[in-house]
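Asks: The structure is given below, and queries will be raised subsequently.
The values are calculated or read from the model by the stated rules, or taken from the named source; none is laboratory data. What you see is a predicted model; the values in this text were computed from it and never measured. Positions of Cβ are backbone-derived with ideal geometry, glycine not excepted, and every protein chain shown enters the neighbour counts. Protein only, heavy atoms only, side chains kept; ligands, DNA and RNA dropped before computing areas. Shrake-Rupley method; radii C 1.70, N 1.55, O 1.52, S 1.80 Å.
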Amino acid sequence: MTPPEAPGGSLPLDLGVFRDLFVALTEEMGAVLQRTAHSPNIVERRDYSCALYSADGRTVAMGDHMPVHLGSMPLSVGAVREALEPGPGDVAIVNDPSAGGTHLPDLTLVQGVWLDGKGGPPAYRLANRAHHADVGGRSAGSMPLTEDVYEEGVVLPPLRLMAGGDRVEPVWRHVLANVRTPEEREGDLAAQLASLATGERRLRAMVERYGRERVDAMGAKLLAHSARLVGELLGSVPDGRYSFEDALDGDGKGARDLRIAVEIEVSGGEARIDFDGTARASGGPLNANPAVVRSAVFYVIRAFLDEDAPANDGILDPVEIAIPEGSLLDPPWGSPVAAGNVETSQRVVDALLGALSGALPDRTPAASQGTMNNVTLGGERGDGRPFTYYETVAGGAGGHPEGPGAPGVHTHMTNSLNTPIEALERSLPVRVARYRYRGGSGGAGRHPGGDGLVREIEALAPVEVTILSERRERGPWGLGGGEDGRPGVNRVVRAGGDAESVPAKSAFRLKPGDRLIVETPGGGGWGEAEAEGDPRS
């Protein structure tokens, strides 16, 4: 008997129940990670992601966490499967960009779950990824403006962090010896382990209640259901080729106007997404990798599905992704990648949305801020203890067919929160002098873009700063006659009152009394602005 359809006919009721069970498992993993971690970046900004995988490494369910993490993590799970033969109680750690990693501060832990006690491969796998405030490298916060990956921090191929339930001490010592804040790193890793343990308990309880066979079957059906939904979405698009080009401002090492080109060929409910024409690999840290591109494609397709569509690897089954080797999106090993995860991923999303605006014009938003405005801070407190801190600063969302863009939000590939002023000032020797909306920065249109933010931070002690930002030369594009949003601005005001502009990618120091000001881009407007007295208003 066919299960009854849910209201709206999109998801059979039994699949809806199991979708929610699987997602609840990953969300609880995230809650444990967030509540037991030490660093403000994880506790306050919630820069982490958790997911459940099948025995063969396909994503069954994910929390509503960080899009740039979630689409790439299956490649790290696969790298662990290939490199190690995990057993019960083993947990692997990995951040290698060639093994599904994004940038080095994102440390991924992977654990198998055995349900029958007979050995062999695990029945399921659990993974979480958290952005650590420092993993060594050239500058505090491990987001340096450099020309090779070796200066960005410690590189970890798949390694056992835990074996049979016990710490693998040489690996722990290696990781903690390479970072500036080992106590905080150890605390955050312990939180990731607690998250995995929670996921395993919940999975075992689910299997005990419903039976292994039913749980496995529902996971497989959810994958197939998502693939069918994407096939139907693509089937609603007229067959053809849809292309778009956008560009990154520059890599901070002299290269400018780095092109991101994409062509989406839709045919018979399937799509081929080709990034041919994209700029070659960069000398600066804007290089991404195929795992990041996969995340961007996954995110954009998911955004066009109904809200109740299961988020799993089935979404990419009807899609082929082609990336030119040696390009900005598939660079040679050793290329710096710190900003590829955070900045290039956003521009890939912009290019994909630009292309899809030709296929789905009544469903596609204008460009959002197109940057994460990455700020890393480091130094020593008054008592000599080191500190490192990383944050992204929100901006304006693009206007869209149904209304204006939201102001001051994290958009697209980031789903983090703003760090509260109280948390920042409690953790670091800084004072937040100003934090407000950047009025008038959103592009005009029938549905205007959201405004960006102004964040002004005063140093109370010597502070090392690195900024990796974008959309400082060209504002986010409007759509359908809407105007572009205003580009962002970075400035420093010295204690004596002298002001100076700061490049989009830069590293510098603040003395006590100096203030860093980051003004983030507004979103693009959607549609032509309505004239006064327009009957549509």
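Asks: Give the value in nm², to one decimal: projected area of the alpha carbon convex hull of segment 122-169, averaged over all directions.
Replies: 4.8 nm²
Asks: Once you put a point 7 Å from the Cα of Glu528 and another 7 Å from the Cα of Asp383, both along the Cβ direction, what distance in nm separates them?
Replies: Each label point is offset 7 Å from its Cα along the Cβ direction, giving 6.4 nm.
Asks: Loop only by DSSP, 12 or fewer other Cβ within 10 Å of the Cβ. Give me the GluC sites (Glu not before Pro) in segment 325-399 that pass, ordered by residue number.
Replies: Those satisfying the criteria are Glu325.
Asks: Diagonalise the Cα gyration tensor of segment 465-535 and give the resulting equivalent ellipsoid semi-axes, square root of 5 times each eigenvalue, largest first, whole Å.
Replies: Values for segment 465-535, descending: 35, 13, 7 Å.
Asks: Follow-up question, since we're still on this one. Normalised by the empirical 2.2 N^0.38 Å for globular proteins, what value does the Cα Rg of segment 50-100 take?
Replies: For segment 50-100, the normalised Cα radius of gyration comes out at 1.12.
Asks: Which residue, chosen from Pro331, Tyr435, Gly525, occupies the Cα position most advanced towards the positive end of the dipole of the chain, where the dipole is computed from +1 (Lys, Arg) and -1 (Asp, Glu) charges on Cβ about the Cα centre?
Replies: Tyr435
Asks: Of all the C-alpha pairs in segment 397-517, what % are more than 25 Å from each other?
Replies: 31 percent
Asks: Okay, next question. What part of the accessible area of the chain, given as a whole %, is carbon or sulfur when the probe is 1.4 angstrom?
Replies: Here it works out to 49 percent.
Asks: Determine the relative contact order of the chain: mean sequence separation of Cα pairs under 8 Å and six or more apart, normalised by residue count, in whole percent.
Replies: Relative contact order of the chain: 14 percent.
Asks: Tell me, what is the percent relative contact order of segment 111-204, built from C-alpha pairs under 8 Å that lie six or more residues apart?
Replies: Across segment 111-204, relative contact order equals 27 percent.
Asks: Along the charge dipole of the chain, pointing to its positive end and built from +1/-1 on Cβ of Lys, Arg, Asp and Glu, which listed residue (Leu203, Gly378, Met413) has its Cα farthest out?
Replies: Gly378
Asks: If you don't mind, another one. From the gyration tensor of the Cα coordinates in segment 177-318, what semi-axes in whole Å does the equivalent ellipsoid have, largest first, with each one equal to sqrt(5λ)?
Replies: For segment 177-318, the semi-axes come out at 34, 30, 9 Å.
Asks: For segment 261-362, divide the Cα radius of gyration by the Kirkwood radius and give the resulting Rg/Rh value with two decimals.
Replies: 0.98
Asks: Evaluate E = 1/(1 + (r/R0)^6) for Ala31 and Phe508, where r is the Cβ-Cβ distance and R0 equals 45 Å; express this FRET efficiency to the nearest 0.05.
Replies: 0.75
Asks: A further question on this structure: Be a star and scan segment 30-65 for residues whose amide nitrogen sits under 12 Å from the point 7 Å along the Cα-to-Cβ vector of Val432.
Replies: Flagged as within label range: 44-45.
Asks: Right, another one. After finding the eigenvalues of the alpha carbon gyration tensor for segment 11-61, what semi-axes result from the square roots of 5 times each, listed largest first in whole Å?
Replies: Taking √(5λ) for each Cα gyration eigenvalue gives 26, 13, 8 Å.
Asks: Could you list the trypsin sites (Lys or Arg not before Pro) in segment 77-131 that lie in coil according to DSSP, counting only those with at most 11 other Cβ atoms within 10 Å of their Cβ?
Replies: Those that pass, being in a loop and sparsely packed, are Lys118.
Asks: Report the charge-dipole magnitude of the chain in Debye, nearest 20, computed about the Cα centre from +1 at each Lys and Arg Cβ and -1 at each Asp and Glu Cβ.
Replies: Computed charge dipole of the chain: roughly 1120 debye.
Asks: Next question. For the chain, what does the accessible surface come to per residue with a 1.4 Å probe? Please give it in Å².
Replies: About 37 Å² of surface per residue is accessible.
Asks: Can you pull out the GluC sites (Glu not before Pro) in segment 165-255 that DSSP calls coil and that have at most 16 other Cβ atoms within 10 Å?
Replies: Qualifying residues, ordered by number: none.
Asks: Just one of (1) 77, 64, 39; (2) 70, 65, 41; (3) 89, 61, 40 is Cα extents along the principal axes in Å calculated from these coordinates, so which is it?
Replies: (2)
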